[in-house]
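The values are calculated or read from the model by the stated rules, or taken from the named source; none is laboratory data. Because the structure is a prediction, the values reported are computed rather than measured. Here the Cβ is made from the backbone with ideal geometry for all residues, glycine too, and neighbour counts use every protein chain on show.
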Amino acid sequence: MSIAIPSFVQIIEFVGTFAFAISGIRLASAKQFDWFGAYVVGVATAVGGGTFRDMMLGVTPFWMTDSIYLVCSGLALLWVILFSKYLIHLHNTFFLFDAIGLALFTVVGVQKTLDCGYPLWVAIIMGTMTGAAGGVIRDVFINEIPLIFRKEIYAMACVIGGVVFGICNWLELNTFITHGACGLSVLLTRILAVKYHICLPILKGENSPKNSIN
């Protein structure tokens, strides 16, 4: 009996699923959701972006062909339940797991889109969707303004990662280096943006009565 060995991309997906699910469950616990509600938020955070990506690429959503992603989310829930007392005192836990999930899922989204034969610019969009859309769903579920609509650099970190992926492909670097550079660029961009309060300009509306149209 042969045992199927997960590919490198699948391993990234598993780790990303676990990380994103923890970020969603952690926020749900702060809102005092019950266990099932927290699990739903965790699953939506983990698979939401990839589901939108696969639907747009015309393929079966990845979690519908392998139950491991739902299992990963369940393990994330168990992890939060067992270590909840410690997580309360770790203020950076949510940010860390969210940033890791963002980086790993961006890599998966870009690679999968390129494997489907689409050009790089489409891959960057799909990578950004894979990384950021789950967080949007999570924030909507817990009644928060999604991060990508705030000043914080979130989705733009995915775009930067996609560009780095493209540069590595152009340089014909091996897959491991390309994936590592893409994920690391997303992670570092997110961390540095938060640490040094780097943000995008705010689009200000014209509130002056002089500019209103009667």
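Tabulated data
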{"read-out": "Qualifying residue in the range 163-178 (condition: in a helix (DSSP H, G or I), crowded, with 24+ Cβ neighbours inside 10 Å and either under 13 Å from the mean Cα position of the chain (by Cα) or at pLDDT below 95 (or both))", "value": "no"}
{"read-out": "Test: Gly49 is over 20 Å from Leu82 (Cβ atoms) and either of a type in the set (Phe, Trp, Tyr) or exposed (fewer than 15 other Cβ atoms within 10 Å of the Cβ) (or both)", "value": "no"}
{"read-out": "Pairs where the first residue, in the range 134-151, is free of Cβ contacts under 8 Å to residues at least 24 places away in the same chain and in a helix (DSSP H, G or I) and the second is crowded, with 17+ Cβ neighbours inside 10 Å and among the charged types (D, E, K, R), C-beta under 9 Å, 6+ apart", "value": "Leu147/Asp98; Leu147/Asp139; Ile148/Asp139; Phe149/Asp139"}
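Per-residue answers, yes or no, for (1) more than 12 Å from the chain's Cα centre (by Cα); (2) within 23 Å of Phe165 (Cα to Cα):
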site	(1), (2)
Ala38	yes, no
Val47	no, yes
Ser67	yes, no
Lys85	yes, no
Phe94	yes, no
Leu104	no, yes
Val107	no, yes
Gln111	yes, yes
Leu114	yes, yes
